[in-house]
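What follows is one structure encoded as structure tokens, with my remarks underneath.
The values are calculated or read from the model by the stated rules, or taken from the named source; none is laboratory data. Note that the coordinates shown come from a computational prediction; the quantities given were computed from them, not determined experimentally. A quick note on method: Cβ atoms are made from the backbone with ideal geometry, for glycine too, and the neighbour counts reach across all protein chains shown. To get the accessible areas, we keep the full protein, side chains included, count just its heavy atoms, and leave off ligands, DNA and RNA. Shrake-Rupley method; radii C 1.70, N 1.55, O 1.52, S 1.80 Å.
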Amino acid sequence: MTVRAAIEATLTNIAAKDRVLNAFTDVTAERALARADAVDAGKVTGPLAGMPFAVKNLFDVKGLPTRAGSAINRERPPAQRDSVLIERLENAGAILVGALNMGEYAYDFTGENLHDGPSRNPHDIARMTGGSSGGSGGAVGGGLVPLALGSDTNGSIRVPSSLCGLFGLKPTFGRLPRTGSFPFVSSLDHLGPLTRSVADLAAAYDAMQGHDPADPFCANRPAEPTAALLNQGIDGLRIVRAGGYFRTMQMPEATAAVDRICAALGVAAEVEIPEAARARAAAYLITTAEGAALHLRRLRERPADFDPDVRDRLIAGTMVPAGMVIQAQKFRRWFQDAMAHLFQTVDAIIAPATPCSAPLIGQKTFVLDGVELPVRPNMGIFTQPISFIGLPVVAVPAAGPMPIGVQIIAPAWREDIALRIARHLEATGAAVAQTTKDFP
Amino acid sequence: MTDAELDAIIDAMLPALGLHAQPAWRDAIRMNLAVTYRMGATVMAFPLPDEAEPAPVFEA
């Protein structure tokens, strides 16, 4: 089969199924077919040759306005250049087929969008994909593409990976350049891939590595490829389960998922991550304050054009005293040191990814530990303390009636460890991307 | 903080920031501000020495 024929089949599948899933906001068919012809002609080669992929619509796609899930950004001029990560994936042979639905300005854990409609979970279309990379979760979970890119400020790759039954990688903060993506919180924004296999996850990640000085937070480190290391197994790795905070505020399916993954890894030891609740609080503060500062002009000039759920959080975020934000940044340094100390004696930590499997679309609250809480900010209670200090995490799918994921947290710059563990879990059948009846 | 205290902050800050909020938005803004200030109190309660500094270049 030619790559053109494969891409045509992908486009046909998207046209048929996305009417229900609502994962895509733009399909770049003409561009994709031209690229497919280039691969068929041998003009483009690489480890991802012919692999279709799509990106959360906060990535610049040449010729499209970068909407970032908003109505306001649709008025922007079309992007003049692709984001750097799209360029790198296409240089490795992958083929962009479109842009994906997301929560407005990425301030979201639901995958709902007032302007474009909610992305729908392929495992149960009445349920959320999780956000804010909701279309990324739906597109890969529904089998429309094998690879999608998302962003993760507080959990927005790991939450949809969990709810849609996928593998997702949030690399170390500063590992992948964010050049050509619409920001949310520059102190915390990460980009990364979602896939149905660990091999695809590592191949995409490897293709995207490398310094880019245009992102001032991108670390000047050489690429550290992982694909060849995946099958090294877990012998010698000191893996523990996160206790304390990570044992609270969850429904039985979240606990059971971590139980299953720990059993598969032979993990019995438990550690308490110090001050995890405070880390979550500090991440919350930095997020709301930086996000509000980013959008202040738009909040002044056209507040009625925002999704009200996002706008009212951002307006509150404009009112955070500077001293609180500075203390949160100082605490971030303290927490970073504390976790580095913890990682002197362990190689990876297992923790829940979300407090529950996918809530219903439109569901506003849930009950955790007997307390009714809003869904939107609380789906990320277990992801937020980890991205706060930029540690690399692979979210792995732990089978259940509805998908739910588990975080494999590694020391800074050791994505390879988390990927190796994920691959071991996949190879032993403990973590497998679930297929769906309606979207196989 | 009480609703009245939060409303006083909102009333003072909106004009200082050049923002205009419709009355119908008030309940949601107040609710979000209450959560934000609870998070702030949690963070501010942590003792850090005067020498504690955020990383100027944050590399995980």
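For chain B, a Kirkwood radius taken over Cα pairs fed into Stokes-Einstein (25 °C, viscosity 0.890 mPa s) yields D = 175 µm²/s.
If you count the DSSP beta bridges with both ends in the protein assembly as shown, what percent of them are antiparallel, to the nearest 5? DSSP beta bridges in the protein assembly as shown are roughly 70 percent antiparallel.
Which number gives the lysine pairs in the protein assembly as shown that have C-alpha atoms under 22 Å apart and are eight or more places apart or on different chains? So the count works out to 4. Any chance you could check the Cα centroid distance between the stretch A:279-351 and the stretch A:87-129 for me, in angstrom? Centre-to-centre distance over Cα atoms comes out at 23 Å.
Its Cα centre serving as origin, chain A has a Cβ charge dipole (Lys and Arg +1, Asp and Glu -1) of approximately 380 debye. By the combined test of axial Cα extent (at least 24 Å) and Kyte-Doolittle hydropathy (mean at least -1.0), the qualifying DSSP H helices of chain A come to A:3-21, A:276-301, A:322-342. Mean-square fluctuations from a GNM of chain A, with a 10 angstrom spring cutoff on Cα atoms, peak among A:ALA338, A:ALA203, A:ALA23 at A:ALA338. Please give the Cα centre distance for the stretch A:61-80 versus the stretch A:211-230, rounded to the nearest Å. Between the Cα centre of the stretch A:61-80 and that of the stretch A:211-230, the gap is 27 Å. Given a Förster radius of 25 Å and the C-beta distance between A:VAL371 and A:VAL346 as r, what FRET efficiency does 1/(1 + (r/R0)^6) yield to the nearest 0.05? About 0.20, to the nearest 0.05. Helical runs (DSSP H, four residues minimum) scored at -39500 (n - 2.57) apiece and divided by the length of chain A put the mean residue ellipticity at 222 nm at -11000 deg cm²/dmol. Taking A:PRO193, A:PRO52, A:PRO401 in turn, the Gaussian network model of chain A (Cα-Cα springs below 10 Å) assigns the largest fluctuation to A:PRO401.
Across the protein assembly as shown, how large is the tail of the calculated P(r) beyond 33 Å, expressed as a percent of all Cα pairs?
On the way: 40776 of 124750 pairs.
Above the 33 Å cut-off, the protein assembly as shown has 33 percent of its Cα pairs.
Report, as a whole number in µm² per second, the diffusion coefficient that Stokes-Einstein gives for the stretch A:193-278 at 25 °C and 0.890 mPa s using the Kirkwood radius over alpha carbon pairs. Kindly include the intermediate steps, with their values, before the conclusion.
On the way: Rh = 16.3 Å.
Approximately 151 µm²/s, per Stokes-Einstein.
Before I look further, what does the stretch A:144-271 give for accessible area per residue, probe 1.4 Å, in whole square angstrom? Each step should come with its number before you reach the end.
On the way: 3910 Å² over 128 residues.
Per residue, the stretch A:144-271 has an accessible area of 31 Å².
Gain on full extension, evaluated as 0.36 nm per residue between A:HIS211 and A:ASN231 minus their Cα-Cα distance, stands at 4.6 nm.
Please state the relative contact order of the stretch A:240-335 as a whole percent: Cα pairs under 8 Å, 6+ residues apart? Write out the running numbers ahead of the final one.
Values: 71 pairs, mean separation 31.3, N = 96.
Normalised by residue count, the contact order of the stretch A:240-335 is 33 percent.
Need one word for the stretch A:1-148: rounded, prolate or oblate. Basis is the Cα gyration tensor (sqrt eigenvalues a ≥ b ≥ c); a/c below 1.5 gives rounded, then a/b vs b/c decides.
Values: a/c = 2.15, a/b = 1.41, b/c = 1.53.
Note, shape of the stretch A:1-148 comes out oblate.
Residues of the stretch B:25-56 that lose at least 40 Å² of accessible area (1.4 Å probe, protein heavy atoms only) when the other protein chains are present, relative to their chain alone, are B:TRP25, B:ILE29, B:ASN32, B:THR36, B:TYR37, B:MET39, B:THR42, B:VAL43, B:MET44, B:PHE46, B:LEU48, B:PRO54.
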